[in-house]
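Colleague: Submitted below is the structure of interest, expressed as structure tokens.
The values are calculated or read from the model by the stated rules, or taken from the named source; none is laboratory data. Bear in mind that the values here come from a model prediction, so they are computed numbers and not experimental data. Cβ sites come from the backbone with ideal geometry, for glycine too, and all protein chains shown count toward neighbours. The area values use the complete protein model at the heavy-atom level, side chains included, leaving out ligands, DNA and RNA. Shrake-Rupley method; radii C 1.70, N 1.55, O 1.52, S 1.80 Å.
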Amino acid sequence: VEMVTWREAEEFRNRLSEREKLQTVYELGETQITWKRDAAGYRLPTESEWEYAARAGRASQPASVDELAAVAWCLENSGRTTHRVGTKSPNAWGLYDICGNVWEWVWDWYAPYPSRHVIDPSGPDSGALRVCRGGSWYFPAAGVRVGFRGTRNQRSKNYQTGLRVARSI
């Protein structure tokens, strides 16, 4: 999926939850979306959940462009287009295209990282920009690093931004 706004990503997850007879996770207001954290339906991952899944138990990611090319579509190997998910190797936990291919919306609003060490941080309650993770086929290999953060206006929609489904169980 690409060309999806942050809100469209949330609406999709609610519809998917309803289809599978799960409690919806988001209360969708006209201008605000509330996350019902105890609901068991589908949702966006938080930024820290996304990074934890992307790292798959590793402290680092592939060190060279050649190693990265085995798991990610980036500027150097994409032919400047999105590719079908699953055509590269998965990470150690079996997740495909977590880096490269398309940016992935996460729940969090953007803010600089805290200056102190924190475990499973959450972003601010509001902001101007939402966080996207993973880089895209349009970015050079350095821009699809696990630790690289992107931002977008939550109303924006472009050929480089998509989504990943998460669920608390």
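Colleague: Order 103-115, 145-157, 38-50 from most to least packed using the mean count of other Cβ atoms within 10 Å.
Modeller: Descending packing order for the listed peptides: 38-50, 103-115, 145-157.
Colleague: Using 0.36 nm per residue of separation minus the Cα-Cα distance, give me the extension gain between Glu67 and Lys21 in nm, one decimal.
Modeller: Between Glu67 and Lys21, full extension yields 12.5 nm more.
Colleague: On the protein heavy atoms, probe 1.4 angstrom, tell me the percent of accessible surface of the stretch 44-169 carried by carbon and sulfur.
Modeller: Carbon-and-sulfur percentage of accessible area, whole number: 55.
Colleague: Still on this structure: What FRET efficiency do you get for Arg7 and Asp125 if R0 is 25 Å and r is their Cβ-Cβ distance, rounded to the nearest 0.05? Walk me through the intermediate numbers first.
Modeller: Numbers: r = 17 Å, r/R0 = 0.68.
Efficiency at R0 = 25 Å is approximately 0.90.
Colleague: Pick out which of Gly100, Gly79, Gly29 has the largest mean-square fluctuation in a Gaussian network model of the chain, springs linking Cα atoms closer than 10 Å.
Modeller: Gly29
Colleague: Estimate the FRET efficiency between Ala92 and Thr31 by the formula 1/(1 + (r/R0)^6), using the beta-carbon distance for r and 35 Å for R0, to the nearest 0.05.
Modeller: Values: r = 40 Å, r/R0 = 1.14.
Once the sixth-power term is evaluated, E becomes 0.30.
Colleague: Under 5 Å between amide hydrogens, which residues at least 5 positions from Leu22 or on another chain qualify, with H placed 1.01 Å from N in the peptide plane?
Modeller: Under 5 Å from the amide H of Leu22 lies no amide H from a residue far enough along the sequence or on another chain.
Colleague: In addition: How much accessible area per residue does the stretch 88-157 have, in Å², with a 1.4 Å probe?
Modeller: For the stretch 88-157, the per-residue accessible area is 52 Å².
Colleague: Further, regarding this structure: Can you pull the one-decimal nm distance between simple spin-label points at His117 and Ser156, each 7 Å off the Cα toward Cβ?
Modeller: Here the modelled spin labels are 3.4 nm apart.
Colleague: What is the mean projected area of the alpha carbon convex hull for the chain, to one decimal in square nanometres?
Modeller: 10.0 nm²
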